[in-house]
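Working notes, beginning with the structure itself.
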Amino acid sequence: MLRLILKRLGLMIVMLLGLAVITFTIANVAPGDPARLAAGPDASQEMVEQVRAERGFDKPVPVRFFIYLGQLARGDLGTSVYTGREVARDIAQFLPATLELVLFSITIAVVFGIPLGVLAAVWQNKAGDHGIRLLAVSGAALPMFWLGLMLQWYLALELDLFPLGGRLGVFDDVPPKITGMITIDALLDGDPGTAFTALWHMVLPALALSLPALAAIIRVNRAEMLEVLGRDYVTNARAQGIGPFRIIAAYALKNAILPTLAMIGLRFGWMLGGTVLVEGVFDFPGVGLYAAKAAVSSDFEPIMAVTLILGAAFMVTNLLIDLAYALLDPRVRNQI
Amino acid sequence: MSTATAQAAETAAPRQMRFRETRRLVRTYSRSFSSMVGLVIVLIFLFIAAFGPLLAPYPEDAYGAVDFGAKLLPPSAEHWFGTDQVGLDIFSRVLIGARTTLQIGLTVTGIAILIGVPLGLIAGMAGGWVAETIMRITDIFLSIPGLILAIAIVGALGPGIGNAMLALSLVWWPGYVRLVQAKTLSQRNETYVDAARALGAGPLRVVFVHVLPNCLSPIIVKASMDMGLAILGAASLGFLGLGAQPPYPEWGAMISTGRAYLPDWWWCSLFPGLAIYFTVLGFNLLGDGLRDVLDPRQR
């Protein structure tokens, strides 16, 4: 197990380097003068030259790449042209909100997706199965930004059931910052009311964000369950008179869950990407909204930094999922 | 029996077999209700994409005509989907937008196949450090959420529909490398490939005559699925203001513009979204159906 972890960590470092190469390449094929971009549209020629020297834009490309790596190693992600703020600080401020939203969304997707997948398999080709499959194919086809808008329009504006957006209401007190995730901070602060308000604010964006993942989990879990339910040991368990609930929970689901787990890891990364679409709709102050704003104004360093950070977050998730896989499935563990 | 008839019989037999095989595939495909729904949706979509400007009641509304007298009218017999903030008929714009959507889907999927399939074949056939390099690069690309990478690329190149398509294509190819490489690896050592080699077939002949045709089914299935996903991706970029720019009739951009007119003028964003949903649904169901027929083990 330790060898597996070390091997995967080593691979991840190589992948992170590759990721840095990609963001660096994108930043450098951009048309226009990077120094002028970094100095801002109102800068004088002198200021542009000063920035060029400061940030090393006058040096050859390989040298610049190592300067870039050095900056990354020091945690320097550059500066936003428009706000003049350090990108690293911005991301540190916005990332907890996004993680909170994505964790909540993935929880929704798992909590509903796995039972629905199981039910669809048990009810194969009956009305319930058709209904669940319709949900699954629709979830994969709905544009999540549009779904978010429609939920906001109907449930928040028309029926007034949910807040329009944001993380908390204007008059709610923000709990003291510990993790940056408001629900957790509020609970640590002994304030379940605020935690609930924060959760309530996340319901609509999380629904929009989780539907594609929910769809994928249903599909995979249904297919796996169907396969497992046809295996001999399940038939055997049935013949022994074990109840249907126990067969599903203790025999079938345990074996069907592994591919679903891999799917959850993959979907986590997609959700991180999806926040760029959904956070804007609900004015939810996370890295997604930050990246979307930066992209529209061609504010370069924030976009590259978000790409790096979310890519790294995705890699870490995949690592964790792989390790969980190895823990749960001895065959995978022994392969390595 | 003369040699000519013998030859004719020889060529007729495989042709008949192929015909029978096709008929079997068609029958299997049409037995599934959801696959047929997918096929019908895709056919309607293709029809609209081909004849949209002729079908649209107000074709001039697609490219920025302005009619403030008719702005923000609710859906009616005259304007089925209502009109937008400058009085443009949304039904016409949705119909004409289908062509843009088809163009985007075909371009993105096409470029991704053109980059991904050759790389996958090379990685699968060559092995060694060449394959290792290709696969590691592929892995790195796959490790970044695609939408984020596409946004970064558009951010670098500047917003616009051409750049959005380019960005999506650059994000899309790694999936094909993975698919084709895995398939090639499994085909490379099949007996029939060994037999072809033993008969003196060169590496190019092995790749193009023997290996590639056997990779076609999964590629077709993935391409059909990717049409839907690419359409979603392009609409997402359009929504963020990074793809097609209004008043260009692109569904994502239309939703983005309509957003400012919720809740009172809901039709501005409802109908383009429905159009995206049904189109993507159609391609997904088509892909599912094709997979069940062409590649049943890949479930």
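Counting only residues that are hydroxyl-bearing (Ser, Thr, Tyr) and either at the interface with chain B (Cβ under 7 Å from one of its Cβ atoms) or touching a Ser or Thr at 6+ places or on another chain (Cβ under 6 Å) (or both), which one in segment A:292-320 is surrounded by the fewest Cβ atoms within 10 Å (Cβ to Cβ)?
The extreme case among them is A:SER298.
Here is a yes/no grid of residues against (1) away from chain A (no Cβ under 14 Å); (2) in a helix (DSSP H, G or I); (3) touching a residue at least 60 places away in the same chain (Cβ under 8 Å); (4) surrounded by 18 or more Cβ atoms within 10 Å (Cβ to Cβ):
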residue	(1), (2), (3), (4)
B:ALA201	yes, no, no, no
B:ASN214	yes, yes, no, no
B:GLY233	no, yes, yes, yes
B:GLN245	no, no, yes, no
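Please enumerate the residues belonging to segment B:120-139 that are surrounded by fewer than 21 Cβ atoms within 10 Å (Cβ to Cβ) and either in contact (Cβ under 8 Å) with a residue 40 or more places away in the chain or within 14 Å of another protein chain (Cβ to nearest Cβ) (or both).
Result: B:LEU121, B:MET125, B:ALA131, B:GLU132, B:THR133, B:ILE134, B:MET135, B:ARG136, B:ILE137, B:ASP139.
Quick one: which of A:VAL29, A:VAL63 is surrounded by fewer than 14 Cβ atoms within 10 Å (Cβ to Cβ) and either within 14 Å of chain B (Cβ to nearest Cβ) or at pLDDT 90 or above (or both)?
Being surrounded by fewer than 14 Cβ atoms within 10 Å (Cβ to Cβ) and either within 14 Å of chain B (Cβ to nearest Cβ) or at pLDDT 90 or above (or both) holds for just one of A:VAL29, A:VAL63, which is A:VAL29.
Can you tell me which residue within segment A:282-291, out of those that are buried (at least 24 other Cβ atoms within 10 Å of the Cβ) and in a helix (DSSP H, G or I), is farthest from the other protein chains (Cβ to nearest Cβ)?
A:TYR290
What are the residues in segment B:274-285 that are under 17 Å from A:LEU135 (Cα atoms) and either hydrophobic (A, V, I, L, M, F, W, C) or facing another protein chain (nearest Cβ under 7 Å) (or both), if any?
B:LEU274, B:ILE276, B:TYR277, B:PHE278, B:VAL280, B:LEU281, B:PHE283, B:ASN284, B:LEU285
Keeping to segment A:282-336, report how many residues are aromatic (Phe, Trp, Tyr) and either closer than 16 Å to A:LEU101 by Cα or in contact with an Asp or Glu (Cβ under 6 Å, 6 or more places away or on another chain) (or both).
Qualifying residue count for the region: 4.
Only residues that are more than 11 Å from chain B (Cβ to nearest Cβ) and under 17 Å from A:ARG267 (Cβ atoms): list them for segment A:129-160, please.
If the condition is that a residue be more than 11 Å from chain B (Cβ to nearest Cβ) and under 17 Å from A:ARG267 (Cβ atoms), then A:LEU135 is the only one that fits.
Yes/no per residue for (1) in a loop (DSSP other than H, G, I, E, B); (2) over 27 Å from B:GLY258 (Cα atoms); (3) in contact (Cβ under 8 Å) with a residue 12 or more places away in the chain:
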site: A:SER105; (1), (2), (3): no, no, yes
site: A:ALA109; (1), (2), (3): no, yes, yes
site: A:GLY113; (1), (2), (3): no, yes, yes
site: A:LEU116; (1), (2), (3): no, yes, yes
site: A:HIS130; (1), (2), (3): no, yes, no
site: A:VAL137; (1), (2), (3): no, no, yes
site: A:PHE145; (1), (2), (3): no, no, yes
site: A:LEU149; (1), (2), (3): no, no, yes
site: A:ASP160; (1), (2), (3): yes, no, no
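Identify, please: which residue in segment B:58-100 is polar (S, T, N, Q) and within 22 Å of B:GLY238 (Cα to Cα) and is, among those, surrounded by the fewest Cβ atoms within 10 Å (Cβ to Cβ)?
B:GLN85
For segment A:118-128, give me the residue count where each residue is within 22 Å of B:LEU281 (Cα to Cα), assigned to a loop (DSSP other than H, G, I, E, B) and either more than 14 Å from chain B (Cβ to nearest Cβ) or touching a residue at least 60 places away in the same chain (Cβ under 8 Å) (or both).
2
Please count how many residues of segment A:65-85 are under 26 Å from the mean Cα position of the chain (by Cα) and in a helix (DSSP H, G or I).
Counting residues in segment A:65-85 that are under 26 Å from the mean Cα position of the chain (by Cα) and in a helix (DSSP H, G or I) gives 5.
For A:THR98, indicate whether it is in a helix (DSSP H, G or I), crowded, with 21+ Cβ neighbours inside 10 Å and polar (S, T, N, Q).
Yes, satisfied.
Residue check, B:VAL154 against (1) part of a helix (DSSP H, G or I); (2) more than 14 Å from every other protein chain (Cβ to nearest Cβ), all met but one. Which one?
(2)
Quick check on this structure: which one of B:ASP226, B:ASP194, B:ASP264 is surrounded by fewer than 19 Cβ atoms within 10 Å (Cβ to Cβ) and within 13 Å of another protein chain (Cβ to nearest Cβ)?
Among B:ASP226, B:ASP194, B:ASP264, only B:ASP264 is surrounded by fewer than 19 Cβ atoms within 10 Å (Cβ to Cβ) and within 13 Å of another protein chain (Cβ to nearest Cβ).
The values are calculated or read from the model by the stated rules, or taken from the named source; none is laboratory data. Remember, predicted model here, so these are calculated numbers, not experimental data. No Cβ is skipped: glycine too gets one built from the backbone with ideal geometry, and neighbour counts run over all protein chains shown.
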